[in-house]
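Colleague: To start, I am sharing the structure in question, which I have written as structure tokens.
Taken together, the values in this text are just the output of simple stated rules run on the coordinates, not laboratory data. Every value quoted in this text rests on a predicted model; they were computed, and no experiment measured them.
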Amino acid sequence: GQQLNQSPQSMFIQEGEDVSMNCTSSSIFNTWLWYKQDPGEGPVLLIALYKAGELTSNGRLTAQFGITRKDSFLNISASIPSDVGIYFCAGHNTNAGKSTFGDGTTLTVKP
Amino acid sequence: EAGVAQSPRYKIIEKRQSVAFWCNPISGHATLYWYQQILGQGPKLLIQFQNNGVVDDSQLPKDRFSAERLKGVDSTLKIQPAKLEDSAVYLCASSLEAAPDSEQFFGPGTRLTVL
């Protein structure tokens, strides 16, 4: 099946710092999605990308759909304590009809 | 608007016992998903329903897992008999449509521990 490699696995940063995480795949995806999961909750969609090369922002979050359609990155600027959580990328292939999730990046923000 | 509801939130059983999880999707959402999330991993799709029909159950271990969505609204996921490796969070999600640009909304999940 399709596999996503998400890195880094975990990050410990100081409040106010910028964060970057990425996802790579050996397969092409039509859609890239970024989710955040808080403890005891389900993932919540942050950003959706539908076109190769697309760069999309949502507040302090910016994500890009790689030109090769095999990768995506998520940046968080000026991190705050509530950014703590697990961030998942997910690739969606229309042909397969389902999303494949990475194993997440755990973000810890120190005040 | 109410979100996706799941119950129970936690369940502890012994191996070889049976267990069932319930999901109530967002009203009007035609598509319903069940995911298994093992600790330290991302969600893995088990089964996808479109109304009351199965769209994809290719990753559902059918020898022990079953799911139904009889009236195209609520859904139940059953494990019978449970194994130790079934310990995970079971997430239910729903979306308005099955299209990739139709956002999936996740419930809080049921945390299953198999002893």
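Colleague: Can you give me the relative contact order of the range B:44-115 as a percent, contacts being Cα pairs under 8 Å and 6 or more apart? Working shown, then result.
Modeller: Working: 102 pairs, mean separation 16.5, N = 72.
23 percent.
Colleague: Could I ask something else about it? Return the lysines within reach of A:Lys51: Cα separation strictly under 25 angstrom, same-chain partners fewer than 8 residues apart disregarded; answer none if there are no such residues.
Modeller: Candidates past the 8-residue exclusion: A:Lys36, A:Lys70, A:Lys98, B:Lys44.
Colleague: If you average the C-alpha positions of the range B:32-73 and of the range A:53-111 separately, how far apart do those two centres end up, in angstrom?
Modeller: If you average the Cα positions of each part, the centres end up 24 Å apart.
Colleague: What three numbers, in Å, describe the spread of the alpha carbons of chain B along their principal axes, ordered from the longest?
Modeller: That works out to 38, 26, 25 Å along the principal axes.
Colleague: Counting just the Cα atoms, what span does the protein assembly as shown cover along each of its three principal axes? Round to the nearest Å and put the largest first.
Modeller: For the protein assembly as shown, the Cα spread along each principal axis is 47, 37, 36 Å.
Colleague: Which value results for Rg/Rh of the range B:60-115 when Rg is the Cα radius of gyration and Rh the Kirkwood radius based on the inverse mean 1/r? Write down the numbers at each step before the final one.
Modeller: Details: Rg = 13.3 Å, Rh = 13.0 Å.
Radius of gyration over Kirkwood radius for the range B:60-115 works out to 1.02.
Colleague: Below 8 Å, C-alpha to C-alpha, sequence gap of six or more: please give me the relative contact order for chain A in percent. Before the final figure, lay out the partial values.
Modeller: Working: 290 pairs, mean separation 40.6, N = 111.
This gives 37 percent for chain A.
Colleague: Let me have the relative contact order for the range B:28-78, percent, based on Cα pairs under 8 Å that are six or more residues apart.
Modeller: 28
Colleague: Here is a further query. To check you understand DSSP bridge types, tell me what percent of the beta bridges within chain B (both residues inside) are antiparallel, rounded to 5. List each step's numbers first, then the result.
Modeller: Values: 33 of 37 bridges.
Here the share of antiparallel DSSP bridges comes out near 90 percent.
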